[in-house]
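Here is the structure we will look at.
The values are calculated or read from the model by the stated rules, or taken from the named source; none is laboratory data. Everything numeric here is computed off the predicted structure, so don't read it as measured data. Here the Cβ positions follow ideal geometry from the backbone for every residue, glycine too, while neighbour counts run over all protein chains shown.
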Amino acid sequence: MKKVKKAVITAAGFGSRFLPVVKATPKEMLPIINKPILQYVVEECLDAGIEEIIIVVREGNEVIRNYFYEKVPQMEKLLVDQGKPERFSEVRNILNLNNLTIINQRADLPYGNGSPVISAQHLLNEGEHFAVLFADDLVLTKERSALSQLADYFHGSDCDAVMGVQKVKYEELDRYGIVDPVEGSVKETEGQIKRIIEKPKPEDAKTNYAQYGRFILPYSIFDYLQEDATGKDGEVWLTDANDKLAAENKFMYKEIEGTWYTTGDPARYFEALTHFMLASKEFSKSTTDLLSSLQAV
């Protein structure tokens, strides 16, 4: 039985739309309630039963390493002395993640969302499938995480690869990579990918399914995902490699039960934060009350 054991989380971008804050704090470490964006993505991997999580960061980024590795005994002692040791429990859980490895993106690679994946190749096993998650994409689900759903689909099908997708409004198609399916393959929430059309006009789109940063890929993706395989703007794009993989393999798309939120710019980050607050048992009422009061003004 095929099993996805490893996951690569790409967190090596500059997040320039968040300047100046990202000069010191990586975009992936911006908070969603009381946890950074990146931690939600890590927890998604844990929910899916991933045995080894590889986070790829840019060189010189020690904030992410410190968050997952650095102990803070003074804080723990203070909370214990104050009779509030439960506040430190989640920090302890983070520090006990023994299956998490953080590496630098190779400095010799071009920019692009495919370069972090290439950087992790030496930690992946030939012949095995692995997951890829973009650290600035969050998926709010009611029960099982997005990667868990994707892995369940992958394990139960005969596909070679699969990506998560979400329906978007037709007037917004020109903001996303949209699925162009193999003719006759489309079912209610799934289908086989022919290619991804980047930011099409509505009249040129075959579906309204947008891809986002959740993939299960074979090791053979590296036949196409290579440092000299640059595309638009001289960057290495995972989508370009996926298109080539799909031309020769059964690459499926699957709609996930949940809602995808990108956190790539301040407005969309705020949207994600608001919806996660509304979904929180602790903060739902106060958030609803606040939004109601703003609407009343």
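Yes or no: the range 248-257 includes at least one residue that is crowded, with 19+ Cβ neighbours inside 10 Å, out of contact with any Cys (no Cβ under 7 Å at 6 or more places or on another chain), outside any strand (DSSP E or B) and modelled with pLDDT of 95 or more.
Checked against the condition, which is being crowded, with 19+ Cβ neighbours inside 10 Å, out of contact with any Cys (no Cβ under 7 Å at 6 or more places or on another chain), outside any strand (DSSP E or B) and modelled with pLDDT of 95 or more, the range 248-257 yields at least one hit.
For the structure I just gave you, tell me whether D160 is at pLDDT 95 or above, of a type in the set (D, E), closer than 22 Å to E128 by Cβ and surrounded by 14 or more Cβ atoms within 10 Å (Cβ to Cβ).
yes
What do you reckon, is R268 surrounded by 17 or more Cβ atoms within 10 Å (Cβ to Cβ) and out of contact with any Cys (no Cβ under 6 Å at 6 or more places or on another chain)?
No: the conditions fail for R268.
Can you pull out every residue in the range 198-213 that is modelled with pLDDT of 95 or more and among the hydrophobic types (A, V, I, L, M, F, W, C)?
A210
Might you let me know whether the range 46-55 holds any residue that is at pLDDT 95 or above, among the charged types (D, E, K, R), under 13 Å from A131 (Cβ atoms) and surrounded by 20 or more Cβ atoms within 10 Å (Cβ to Cβ)?
For the range 46-55, residues at pLDDT 95 or above, among the charged types (D, E, K, R), under 13 Å from A131 (Cβ atoms) and surrounded by 20 or more Cβ atoms within 10 Å (Cβ to Cβ): absent.
May I ask you to list the residues in the range 177-218 that are outside any helix (DSSP H, G or I), exposed (fewer than 15 other Cβ atoms within 10 Å of the Cβ) and out of contact with any helix residue (DSSP H, G or I) (no Cβ under 8 Å at 6 or more places or on another chain)?
E183, G184, S185, K187, E188, T189
Across the range 205-239, what is the number of residues that are more than 24 Å from D152 (Cα to Cα), under 18 Å from the mean Cα position of the chain (by Cα) and of a type outside the set (F, W, Y)?
1
Checking the structure you have, find out if any residue of the range 102-112 is aliphatic (A, V, I, L, M) and at pLDDT 95 or above.
yes
Give the number of residues within the range 107-129 that are over 17 Å from D223 (Cα atoms) and without any contact (Cβ under 8 Å) to a residue 24 or more places away in the chain.
Number of matching residues: 0.
Which ones in the range 105-153 are of a type in the set (F, W, Y), farther than 22 Å from P26 by Cβ and crowded, with 21+ Cβ neighbours inside 10 Å?
Across the range 105-153, the qualifying residue is only F130.
Select, from L273, L225, the only residue that is of a type in the set (A, V, I, L, M, F, W, C) and within 25 Å of Q149 (Cα to Cα).
So the residue among L273, L225 that is of a type in the set (A, V, I, L, M, F, W, C) and within 25 Å of Q149 (Cα to Cα) is L273.
If K194 satisfies all but one of (1) charged (D, E, K, R); (2) under 18 Å from K244 (Cα atoms); (3) modelled with pLDDT under 95, what's the number of the condition it fails?
That leaves (3) as the condition not met.
Filter the range 231-247 down to the residues that are surrounded by 18 or more Cβ atoms within 10 Å (Cβ to Cβ) and either outside any helix (DSSP H, G or I) or in contact with a His (Cβ under 8 Å, 6 or more places away or on another chain) (or both) and list them by number.
The answer is V236, W237.
Could you tell me whether L173 is closer than 30 Å to K35 by Cα and either buried (at least 16 other Cβ atoms within 10 Å of the Cβ) or at pLDDT 95 or above (or both)?
No.
Can you list residue pairs whose Cβ atoms sit under 6 Å apart, with the first residue in the range 220-248 being under 20 Å from L133 (Cβ atoms) and among the hydroxyl-bearing types (S, T, Y) and the second being part of a loop (DSSP other than H, G, I, E, B) and modelled with pLDDT under 90? Count only pairs 6 or more apart in sequence or on different chains.
Within 6 Å, no pair qualifies.
Filter the range 258-287 for residues that are assigned to a helix (DSSP H, G or I) and free of Cβ contacts under 8 Å to residues at least 40 places away in the same chain and give the result.
A267, R268, F270, E271, T274, L278, S284, K285, S286, T287
Could you count how many residues in the range 1-39 are assigned to a helix (DSSP H, G or I), in contact (Cβ under 8 Å) with a residue 60 or more places away in the chain and either in contact with a His (Cβ under 6 Å, 6 or more places away or on another chain) or surrounded by 20 or more Cβ atoms within 10 Å (Cβ to Cβ) (or both)?
Looking only at that region, the number is 4.
What are the pairs with Cβ atoms under 9 angstrom where one residue, in the range 166-183, is closer than 10 Å to E198 by Cβ and the other, located anywhere, is among the polar types (S, T, N, Q) and part of a loop (DSSP other than H, G, I, E, B)? Sequence gap at least six, or different chains.
Qualifying pairs under 9 Å: I178/T207; I178/N208.
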